[in-house]
Amino acid sequence: MKEKKSGLSLHKTTGLTAWSFIIIAVSIIVLFYFYPMIDALLLSFKSGMGANLQFVGLDNYKRLFTDSTFITAVSNTFFYLIIQVPVMIILALFISVLLNDSNLKGRGFFRTAIFLPCVTSLVAYSIIFKYLFAADGLVNMLLMKLHLIADPIQWLTDPFWAKITIIIAITWRWTGYNMIFYLSALQNIDKSIYEAAKIDGANAPRQFFNITIPMLKPIILFTSITSTIGTLQLFDEVMNITKGGPGNATLSISQYIYNLSFKYNADFGYAATVSYSIVFMIVILAIIQFKVAGDKDA
Amino acid sequence: MILKKLMAIIMASVLLLAGCSSGSKDAANKPGANGANSGKETKEITIWAWDPKFNIAALNIAKEAYAKINPDVKINIVEYAQPDTIQKLNTGLNSGTTKGLPNIILMEDYRAQGFLQSYPDAFYDLSDVIKASDFADYKIGPTSYDGKQYGVPFDSGVTGLYYRTDYLEQAGYTAKDMENITWDKYIEIGKKVKEKTGKFMMSTDPNDLGILRVMMQSAGSWYLKEDGKTPNLAGNEALKESLEIYKQMLDEGIMTIHSDWSQMLAGFNSGNVASLVQGNWITPSVKAEASQSGKWAVAATPRLTKTPNATNSSNLGGSSWYVLNMDGADVAADFLAKTFGADVDFYQKLLTDVGAIGTYTPATSGPAYKSGDEFFGGQNITADFAEWTKTIPKVNYGIHTYAIEDIMKVELQNYLKGKDIDQVLNDAQKQAEAQLK
Amino acid sequence: MHKIKRSLTYIFLSIVSFVSIFPFLWMIISSTNKSVDVTKGSLLPGTHFMENLRNLLNTTDLTTALLNSAQIAVITTILALFIASMAGYGFQVFRSKSRDIVFNIILLSMMIPFAALMVPLYRFFAQISKVAPAIGIDTLSAVILPTMTTAFLIFFFRQSTKMFPKDLLEAGRMDGLNELGVFIKIYMPTMKTTYAAAAIITFMSSWNNYLWPLIVLQTPENTTIPLLISNLGAGYAPDYGVIMTAIVIATIPTAAVFFIMQKHFVAGMMGSVK
């Protein structure tokens, strides 16, 4: 306990004081996240029905590579990730910049309205989405009235459109959530920076790319990482809206873990192995994101 | 200094937590809420089931009946969604503790073998408590294991062909034309109905292959061989014909697609769908649309033609009661034995109040099984269902029904896209063999 | 030119708002309809709200579920905000190599999918039950404990602390406050905005938490709102009018927390942080 290198403090703070600030949080995380994960690691080398688990070494890990359902789940999850996260972040950023304009009338209403989806429970919004996107649902009715499509789209039962529906659902639920982060960060940007830029003749897009984006970089990084994690752990939406179908077209990795644990004849060992595969993927993705964005924070 | 304050805060929050939990417990706990685990001489049992209008309602009737026989026993009925009971049972049994688990649990017949074989010591042997031969024959396979009877068979999933008499009439068919038909005939009628009324004959959910299960079981076949473990997909005649019928119904445009339960209900409640092949437990949902009273009838399930041993009876869903091997098991077993296991009057009340058809054979001679239903034009559908129940082929649902069904869902999509049927079944077989070790 | 841009902005925001709100309207309309009409997707308000509500109250223990959910959400929010903000502050203000490493390890926990944790965590609580049944399986504490702090919140507070004016801390220390004093008397009041946002997020995720309570709670006395709703939809013949009514009631507290907090949120933005 002899560190006091960087940090904000000019004072001598003992290591003990510093550690005491974080110790409760750290103990909770260790106790309720890392300890069970060690248990899961041990489980991932076992296999069998119910409580009759036998040590099988690396068999479960080998099985991953020949398990076509697992491979489908992984590729579905990445499909969601590559499309949904960027779309949502750009949309949220765009809306928050529009809403940050103090001359805009009805800002409070728009902000509240757009954030509102976040207060719904998953059960609620999945039931609602199933109706809106049913073959004879309101979305198809509207699109056909507008002559955008001739025949109803099978939003929930066509393998491609079902994936799109899931993406729309997640975007609906979480865009407002991310918007709030950007809005509060935008409020913290000093207005005089924009004034100065205006005097220099910078137009709105230039202001956006030269001031807003760099100033918001930490928060954009933060939201893109949490969204990535959220998407990789995607469970509730798929479970409630499409149940993974049609076929396994919308199955996510977390849902496959759930199926292995509870839907099929329970194999907790193999379920733990699949879990570790996500942890592994997420760690790699997080490293990439940090490297790309650079963590040399402000 | 700081550390001390911190410790104080931690202690305070822990106390707060402990306080709130024990507080809420005490309040709710007056006579020992989860009494299943409190004390050896327990006179209190807990039961888990799903569906308030069906299983829970049935339990309440049983509870009332049992109160007259043994008023000292307190019965707690707890309602959980079906997948939730499975999840809780799995986590509980796996962690080796019966704390929090109920004395009696309702399990779907498709799942029972998985639990009985995975946790053989967890369930209480009911062989001497009930008479297995009193129940419908097809229910005994799923509820027994290793020669012992573990489950008390409950509701019948006997299927029927529900159809709109007015639509059929418009298409030129009478009730007589619907008796004991084949699927080929069904499709032929469906085309006529579509042509004359514009209504779909049937509606299906690509995520729920219930209709394939109905077809398979009607010919005594299943996803698994008789051992309940070996996948039975490649060369399964019944499954092959079922898939062909499924595709044909889609190709002919007589089957529409829904994506969840409520949309299926909406399909026939709104009059867009002319018929359905479902378990008898769908009856209350059909009757929910009161304006259609008198316009419905029920016929026997259509049968396969190419597959040998095909019948006009089948089953879909259905579940049974199990006693967990823990304190209070004897009381729990006694409760089941004297209600679901023996009480003919109880089954009459079950039918009139809940609309549930049991699988306890002696009950079918009771008065409630003898009256017609105005909604179905006066037809005595209960008697018909009871009749069909007798001939449901017995199959072993085994331990992998849902795992294989998920494989089949993927292959079904491939088949609908034009993949060769034998190839479909062979690929499904290979996948199942690789996955289910 | 400017006017066109303005109008486009309004049109765009109006469309987005409508899309966001529409499902709520439909949900409220449905709570006034009979089950059969809900399944037909009716857009017209009906007259069955009271009947749905009566059915809901008769068939379920709604008050117990609401009280339990409230208890869990409030305690979780208070504890989580305090513990996580302290840690986030600690990690940022007292930065050091070793604490940065600990922080990065903590971050890893954010990446563990709950689906992976649920079975081992249950086994862990089964062990706890043997020594301390008051915080073991089937207690509200068991729901609260693992969510008492999250890596997400710690990260969130650490990130926000980066924008915290450092001279304020120094000023506090000059005034003779110790480190905890600086945190409680200076940092916490200044960061109202952050706390409001964190409170909204934590309360909502706790109120809507489904999977873990589902696994760890057993007796009906301990049930929560999401569990109650999922039970309603689990039958052979679910009553969708009643379900929609339950959903509307379940949404009221989260919406209320948002609307109440939102004011602080806005006030916090206008005021302190400059």
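The values are calculated or read from the model by the stated rules, or taken from the named source; none is laboratory data. If you're wondering where the values come from, they're calculated on a predicted model, not measured in any experiment. Cβ sites come from the backbone with ideal geometry, for glycine too, and all protein chains shown count toward neighbours. In case anyone asks, the SASA skips ligands and DNA or RNA and just uses the protein heavy atoms, side chains included. Shrake-Rupley method; radii C 1.70, N 1.55, O 1.52, S 1.80 Å.
Ranking of B:Asp406, B:Asp184, A:Asp151 by solvent-accessible surface, largest first: A:Asp151, B:Asp184, B:Asp406 (1.4 Å probe, protein heavy atoms only, all chains present).
In sequence order, the stretch A:249-256 has phi-based couplings of 4, 10, 4, 9, 5, 4, 5, 5 Hz under the Karplus curve 6.51 cos²θ - 1.76 cosθ + 1.60, θ = phi - 60°, and Gly or Pro positions carry x. Label-to-label distance for B:Thr391 and A:Ile287 is 6.7 nm, based on points extended 7 Å past Cα in the beta-carbon direction.
Rounded to the nearest angstrom and ordered from largest down, what semi-axes does the equivalent ellipsoid of the protein assembly as shown get from its C-alpha gyration tensor (root of 5λ)?
On the way: eigenvalues 522, 230, 139 Å².
Calculated on Cα positions only, the semi-axes equal 51, 34, 26 Å.
Tally Lys and Arg at +1 and Asp and Glu at -1 over the other residues with C-beta under 13 Å from the C-beta of A:Asn210: what net charge comes out? For residues surrounding A:Asn210, the net value is +2. Screening chain B for DSSP H helices whose Cα atoms reach 30 Å or more along their own axis and whose mean Kyte hydropathy is at least 1.0 gives B:2-28.
Computed from point charges on the beta carbon alone (+1 for Lys and Arg, -1 for Asp and Glu), the dipole magnitude for the stretch A:192-295 about its Cα centre is near 120 Debye. Taking amide H as placed 1.01 Å from N in the peptide plane, B:Asp373 has its amide H under 5 Å from the amide H of B:Gly378, B:Gln379, B:Asn380, B:Ile381, each at least 5 places away in sequence or on another chain.
For B:Leu250 and A:Val87, a Förster radius of 35 Å and the Cβ-Cβ distance give a FRET efficiency of 0.60, rounded to the nearest 0.05. Each peptide in A:101-108, B:352-359 gets a packing score, the mean of other Cβ atoms within 10 Å over its residues, and the list from highest to lowest is B:352-359, A:101-108.
Separation of the stretch A:163-223 from the stretch C:84-123 is 27 Å, based on Cα centroids. When shorter helices are ignored and each DSSP H run of at least 4 residues is given -39500 (n - 2.57), the per-residue value for chain C at 222 nm works out to -23500 deg cm²/dmol. Ellipticity at 222 nm from helices only: DSSP H runs of n ≥ 4 in chain A, each -39500 (n - 2.57), divided by the residue count, give -20500 deg cm²/dmol.
Each peptide among A:172-178, B:421-427 gets the average number of other Cβ atoms lying within 10 Å of its residues, and from highest to lowest they stand as A:172-178, B:421-427. Just list whichever of A:Lys130/B:Lys63; A:Lys145/B:Lys53; B:Lys229/B:Lys417 have alpha carbons separated by over 31 Å in the model shown. Result: A:Lys130/B:Lys63; A:Lys145/B:Lys53 exceed 31 Å. Would you give the gap between the C-alpha center of the stretch B:187-263 and the C-alpha center of the stretch C:8-78, rounded to a whole Å? Cα centroid to Cα centroid, the span is 36 Å.
Rounding to the nearest 20 debye, state how big the charge dipole of the stretch B:159-259 is about its Cα centre with +1 on each Lys and Arg Cβ and -1 on each Asp and Glu Cβ. Magnitude of the dipole: close to 140 debye. Among the protein heavy atoms, those of B:Thr182 account for about 20 Å² of accessible surface (1.4 Å probe, every chain in place). By the combined test of axial Cα extent (at least 20 Å) and Kyte-Doolittle hydropathy (mean at least 0.0), the qualifying DSSP H helices of chain A come to A:15-29, A:68-99, A:159-187, A:213-232, A:268-293. Given a 1.4 Å probe and the protein chains as shown, A:Met215 ends up with an accessible area of around 90 Å².
For B:Lys99, the aspartates and glutamates whose Cα falls under 13 Å of its own Cα, not counting residues fewer than eight places away in the same chain, are B:Asp327, C:Asp138. Please work out whether chain A counts as rounded, prolate or oblate from its C-alpha gyration tensor, where a ≥ b ≥ c are the square roots of the eigenvalues and a/c under 1.5 means rounded, while otherwise a/b larger than b/c means prolate and anything else oblate? Taking the square roots of the gyration eigenvalues as a ≥ b ≥ c, chain A is oblate. Summing Lys, Arg as +1 and Asp, Glu as -1, what charge do residues with Cβ under 13 Å from the Cβ of B:Lys148 carry, B:Lys148 excluded? Here the count lands on -4. Pick from C:Gly241, C:Gly136, C:Gly233: which residue has the top mean-square fluctuation in a GNM of chain C where Cα pairs under 10 Å get a spring? Looking only at C:Gly241, C:Gly136, C:Gly233, the largest GNM fluctuation is found for C:Gly233.
With helices as the sole contributors, chain B gives -12500 deg cm²/dmol at 222 nm; each DSSP H run of n ≥ 4 counts as -39500 (n - 2.57), and the sum is divided by every residue. For B:Lys192, the aspartates and glutamates whose Cα comes closer than 15 Å to its Cα, not counting residues fewer than 8 places off in the same chain, are B:Asp166, B:Glu169, B:Asp177, B:Asp184, B:Asp251, B:Glu252. In the structure shown, the pairs B:Lys191/C:Lys40; A:Lys198/C:Lys162; B:Lys88/B:Lys131; B:Lys131/B:Lys176; A:Lys62/B:Lys409; B:Lys131/B:Lys306 are assessed against 31 Å; a Cα-Cα span above that value is assigned to B:Lys131/B:Lys176; B:Lys131/B:Lys306. For the residues of A:239-249, the average number of beta carbons from a partner chain within 10 Å of their own beta carbon is 6. Here chain B carries DSSP beta bridges of which approximately 65% are antiparallel, counting only pairs with both residues inside. Peptide C:219-231 shows a mean partner chain C-beta count of 6 within 10 Å per residue C-beta. Distance between the C-alpha centres of the stretch A:97-121 and the stretch B:123-167: 56 Å, rounded to the whole angstrom. Amide H contacts for B:Phe123 (H built 1.01 Å from N in the peptide plane; partners 5 or more residues away or on another chain; cut-off under 5 Å): B:Asn325.
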